[in-house]
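This report refers to the structure that appears directly beneath it.
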Amino acid sequence: MDPNHKNRLIGLKFAKWGGYLLQILLLLLILGLVFGETQEPLLFKWIKGLYFAALIAILLLPFDRLKNKTFKLFFPLLCLLSVGFVFLMVVEVMFAYMAAAEIGERLGVPGFEGTLIFLTLLQVPTILFRRNPDLLD
């Protein structure tokens, strides 16, 4: 057995905890959309809320215990949702910068959105390698 095998499994476990953190942050964003007051159009708030809920729902699936046929159905969906999430976050940041520019302000670096993007894109390889750890070798 490879001596780094244990370290890889520990890394996958930490990445899985990153998925839990992502789900909590997305849930907090949904609550912020529902109860907070923003300048965003109502339709955009609904789209974001439903998209975040769909991403949370698919991340809650037990991918390592799914049958092969079911995994082949939901894993590409997770990939598409992850790419769409990145697009949604980029659009949100662009709108925030445009809104700030209209009133003469400047926004800082979008660190929170960047963290969400990182955690989202981390889930695809994490789920794949947790299901098939032999692919890491």
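The values are calculated or read from the model by the stated rules, or taken from the named source; none is laboratory data. Predicted, not measured: the structure shown is a model, and the values here were computed from it. Positions of Cβ are backbone-derived with ideal geometry, glycine not excepted, and every protein chain shown enters the neighbour counts.
For this structure, a couple of remarks:
- Residue that is surrounded by the most Cβ atoms within 10 Å (Cβ to Cβ) [pool: residues in the stretch 111-137 that are among the hydrophobic types (A, V, I, L, M, F, W, C) and in contact (Cβ under 8 Å) with a residue 60 or more places away in the chain]: Ile127
- Tally, over the stretch 89-132, of residues that are acidic (Asp, Glu) and within 24 Å of Lys72 (Cβ to Cβ): 0
- Residue identified as surrounded by 11 or more Cβ atoms within 10 Å (Cβ to Cβ) and either over 20 Å from Val93 (Cβ atoms) or of a type in the set (Gly, Ala, Ser) (or both) among Gly18, Gly36: Gly18
- Within the stretch 86-104, considering residues that are out of contact with any helix residue (DSSP H, G or I) (no Cβ under 9 Å at 6 or more places or on another chain) and not aliphatic (A, V, I, L, M), the one nearest to Leu27 (Cα to Cα): Phe87
- Whichever residue in the stretch 1-41 is of a type in the set (Val, Ile, Thr) and under 19 Å from Ile127 (Cβ atoms) and, among such residues, is modelled with the highest pLDDT: Ile24
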